[in-house]
Every structure is written in structure tokens, then in C-alpha cells.
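This report concerns only the one structure given below.
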Amino acid sequence: MNKLLPLCLLLSLAACGGSESPAPKAAGGHEAPAAEPVKGPHRGVMLMDGPFAIELAVFETNVPPEYRAWPTLDGKPLPLNEVTLTVEVTRLGNKVNTFQFRPEGDFLRGDGVLIEPHSFALKVTAIHAGKTHSWAYDSFEGRTTIAAKIAEEAGIKTELAGPAVLTETLTLYGQIAANPERQREVSARFPGLIRTVAKKLGDTVKAGESLAAIESNDSLQTYSLKAPLAGVVTQRDANPGEDSGTRVLFTVTDTSAVIAELSVFPKDRARVQPGAAVTLRLADGDATVIGKVARVDVKASSNQSVQARVVIEQHDGSFLPGSFVTGEVAVAERQVPLAVKTTGLQAFRDFTVVYAQVGETYEVRMLELGTPQGDMVEVLGGLEPGTRYVSENSYLIKADIEKSGASHDH
């Protein structure tokens with residue numbers, strides 16, 4: 001927490017002023033008030049050059065966003081067919097869109113859809129009575145600039161958006177158990193008197209290490225009873241002076257190789273197949289481990305579930321027998337042409353977005369999304385393949401944009 005505060009301060013200082021939109025300026029040097037662009041009766045931006053003016057607005061009520069304009073001279077509406085209007089918008093990355101206008105009703109209507117985000121540098125050119133009027137200004141939203149060094153210190157990470165294999169998972173619940181294939185019961189090879197016992201319950205042993213010394217009844221020779229594998233003594237039924245008989249004297253369990261027994265109910269039985277990858281998480285912690293379904297039982301329990309047994313070859317000791325676990329089992333895969341990490345998603349206005357990066361500038365991309373699967377989600381629209389986007393700590397970009405006050409204004 002102490003580290004985050006100075007990082008946020010650095011981000012704020014780095015982006016200071018980066019999201020402000022200068023007032024429109026006419027070719028002749030005329031400039032709207034610096035605080036806020038002058039608004040017209042249709043809530044559009046007033047672009048003025050002497051007595052000639054254009055009110056330019058983005059209209060998006062019950063239609064896809066489009067430009068509409070109202071030309072005036074000395075405050076009075078001009079005949080629409082007397083004005084030629086062109087709007088050129090340059091987006092982040094120098095992608096240019098040009099809109100031509102035609103008369104419709106009492107306004108001039110742009111000839112294309114103004115896609116989100118509405119963040120760009122504008123160049124507006126109007127021709128009336130043989131005279132050309134032009135304005136150039138910025139209209140940015142959801143955009144900020146952060147120095148590369150500061151972004152790195154803040155832990156902001158980026159990736160390229162592109163094709164991906166999405167894995168559908170099924171959530172199952174169960175417990176950890178000892179792997180019976182990594183457990184050995186040890187009896188006396190030659191029954192006799194137990195002379196000494198070297199290991200007690202809970203001791204760790206190496207493969208070949210002595211567990212006890214036994215004097216054979218037949219040869220009267222003392223031999224060593226050895227551990228057949230490395231592990232922990234989980235059962236002991238041997239004491240000095242006793243006759244070994246043929247009973248089990250020790251059980252040695254390899255606790256590094258355990259299994260998860262997950263309950264699978266009838267409706268999901270056909271989807272869980274041997275060999276499927278499984279991510280296991282302890283129910284009372286954050287520890288995770290990867291395993292594979294070794295087999296699915298063919299006999300149902302009293303609650304009609306069957307057990308899928310997941311082999312865990314290695315773990316850090318957290319997955320002890322008896323522990324409750326949640327398993328995410330891979331049940332299907334599909335290739336999609338475009339996907340992003342769910343860790344990069346943020347809310348912006350009424351949209352779910354990622355932040356595209358171009359150089360040291362970051363800007364929202366409004367997304368149309370498919371169903372999330374695992375840590376990825378398919379992108380159906382709003383993002384071009386190959387776009388570099390923020391995949392980790394994107395909330396810092398969101399916070400910086402919100403602090404700068406970049407608005408949805410035209």
C-alpha cells in the first residue's frame with residue numbers, strides 16, 4: 001500500500017494536462033473561450049470565423065453516432081446547399097477518417113458512423129461564398145499519457161491482442177487423498193524377533209533407509225527392514241521385543257505425490273475425460289497446483305456422483321491429505337481470432353474497455369465481448385488485431401484518466 005501511493009502520484013504528475021482539449025481555433029486566429037468550448041442551441045461546439053459559424057455536434061439518439069452541423073452567417077441559418085463541409089478526424093496512431101456532409105432537413109449530415117472512442121484531433125473545413133474557413137482542435141476522451149519509466153515502475157504490463165485458444169472449464173469440489181500408487185506397506189520378509197525400531201510415526205525416510213532390525217526365526221540372523229520408497233511413516237505397528245509375524249509393520253507414504261478426489265455429478269459425467277488438465281486451489285487458501293485427470297470412477301456414490309481422480313505430481317507441501325479443494329477442469333477448447341486477458345478489462349461509461357497503448361499514450365477501446373473462459377475473453381468488436389493493450393494493472397490507467405477529467409464531449 002505504501003508503494004502504491006507514490007506510484008499513483010507519479011502517474012498523476014506524468015499525465016497532467018494530457019487529456020485536456022484545447023478550444024477550437026479558426027484559421028484567422030479566432031479562438032473560443034479557453035475554459036469551455038462555446039456551445040450552440042443543438043449542444044454542439046460553435047466554430048466561429050468572423051460572422052460565419054458552424055455548430056458541429058455528435059448525434060447519437062436512436063442512431064449510431066454521426067456528425068450533424070448547422071451553418072450560420074451573422075447568427076442566421078444559411079441555405080444548406082451553399083455550404084461545403086468536411087471534417088477530418090485523426091485518431092491515436094495517426095488513423096484518419098474523413099466525413100463529407102449533405103443537406104438533410106434543417107442540418108448537414110455526415111456520411112459515416114463516428115465509431116468509439118470519440119477521441120481524436122479534428123480538422124474542420126467549410127467553404128461558403130468562395131471563402132474557406134478552417135478550424136483545428138483536439139477532442140480527447142479516455143486518454144492519458146504516462147512516461148514509460150513511470151509505467152514500468154507502476155507494474156503496468158501490455159500485450160498484443162490476437163488469436164487465442166480459449167479453454168472452457170468446469171468447477172468441481174473434493175478432497176486431497178494419498179496416492180495409493182505412491183504408498184507402500186512393509187512387512188517382515190523373514191518373520192522373527194524385532195530387535196530395534198529406527199523410525200517412529202511421522203518420520204521422514206529415504207528409499208533404502210532402515211526402519212527396523214529383525215532377527216529371523218529360521219536363521220537367527222539379524223537383517224534390516226528397509227523403506228521401499230522415500231516418504232513419511234504414516235503407520236507403525238512395530239516395537240522392540242515383539243514378534244514381527246506377517247502383519248504390516250510400517251506404511252510409508254510419498255506425500256509429495258497426492259491425488260484429488262473430485263465429485264462429478266451425472267449431468268457433467270460425459271464432459272470430464274481422463275487426461276484433462278485441472279487447476280486445483282485449496283478451499284482455505286490461495287495455493288494452486290496443476291494436475292491431470294487420471295481416471296473417472298464407474299461406480300456412483302450414495303449422492304449419485306462419481307469421483308474424478310486427479311494426480312498431483314509435485315506441490316509445495318500445502319496440499320495435505322484431507323484438505324478440501326476446488327478444481328477447474330478443462331472440458332473443451334476453441335480457437336478464436338481475437339481475445340484479451342480478463343485482467344485488462346475495466347468499466348468506462350457504459351462500456352467494458354481495455355486501454356490501447358501507442359508509445360506513451362493510453363486510450364480506451366470499447367469492446368463487444370463473448371463469454372469469458374479462464375483468464376481470456378473473446379473480442380467480437382471494438383479492437384483491431386495486433387493492438388497493444390494494458391493487460392495488468394489497468395486500473396491505474398483508469399484512475400489517471402478519471403482524475404484528469406477526460407470527458408465524453410464534442
| query | Asp375 versus (1) over 25 Å from Glu168 (Cβ atoms); (2) among the charged types (D, E, K, R); (3) free of Cβ contacts under 8 Å to residues at least 40 places away in the same chain: which is the lone unmet condition? | reply | (1)
| query | Considering the stretch 237-254 alone, what residues qualify as being β-branched (Val, Ile, Thr) and in a strand (DSSP E or B)? | reply | Val248, Thr251, Val252, Thr253
| Counting only residues that are surrounded by fewer than 15 Cβ atoms within 10 Å (Cβ to Cβ) and either over 17 Å from Asp106 (Cα atoms) or outside the structural domain of His128 (by TED's automatic domain parsing) (or both), how many does the stretch 40-57 have? | 2
| note | Selection over the stretch 282-312 where residues are surrounded by fewer than 17 Cβ atoms within 10 Å (Cβ to Cβ), of a type in the set (Lys, Arg) and part of a strand (DSSP E or B) yields a count of 2
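Residue-by-condition table, conditions (1) buried (at least 19 other Cβ atoms within 10 Å of the Cβ); (2) touching a residue at least 40 places away in the same chain (Cβ under 8 Å):
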site: Glu152; (1), (2): no, no
site: Glu168; (1), (2): no, yes
site: Thr171; (1), (2): no, yes
site: Asn217; (1), (2): no, no
site: Gly231; (1), (2): yes, yes
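Can you confirm whether Thr145 is touching a residue at least 12 places away in the same chain (Cβ under 8 Å) and surrounded by 15 or more Cβ atoms within 10 Å (Cβ to Cβ)?
yes
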| message | For the stretch 385-407, give me each residue that is modelled with pLDDT under 95 and either part of a strand (DSSP E or B) or within 13 Å of Pro117 (Cβ to Cβ) (or both). | response | Ile401, Ala406, Ser407
| request: Would you check which residues across the stretch 354-373 are under 11 Å from Thr342 (Cβ atoms), among the polar types (S, T, N, Q) and either modelled with pLDDT of 95 or more or not in a strand (DSSP E or B) (or both) and list them? | output: none
| What strands (runs of 3 or more DSSP E) lie completely within the stretch 131-236 and have 1 or more residues being charged (D, E, K, R), in contact with a strand residue (DSSP E or B) (Cβ under 8 Å, 6 or more places away or on another chain) and within 30 Å of Met46 (Cβ to Cβ)? | 131-139, 143-145
| query | Within the stretch 234-270, how many residues are surrounded by 15 or more Cβ atoms within 10 Å (Cβ to Cβ), within 26 Å of Val205 (Cα to Cα) and of a type in the set (Gly, Ala, Ser)? | reply | 5
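The values are calculated or read from the model by the stated rules, or taken from the named source; none is laboratory data. Note that this is a predicted model, so its numbers are computed, not measured. We place every Cβ from the backbone using ideal geometry, glycine too, and count neighbours over all the protein chains shown.
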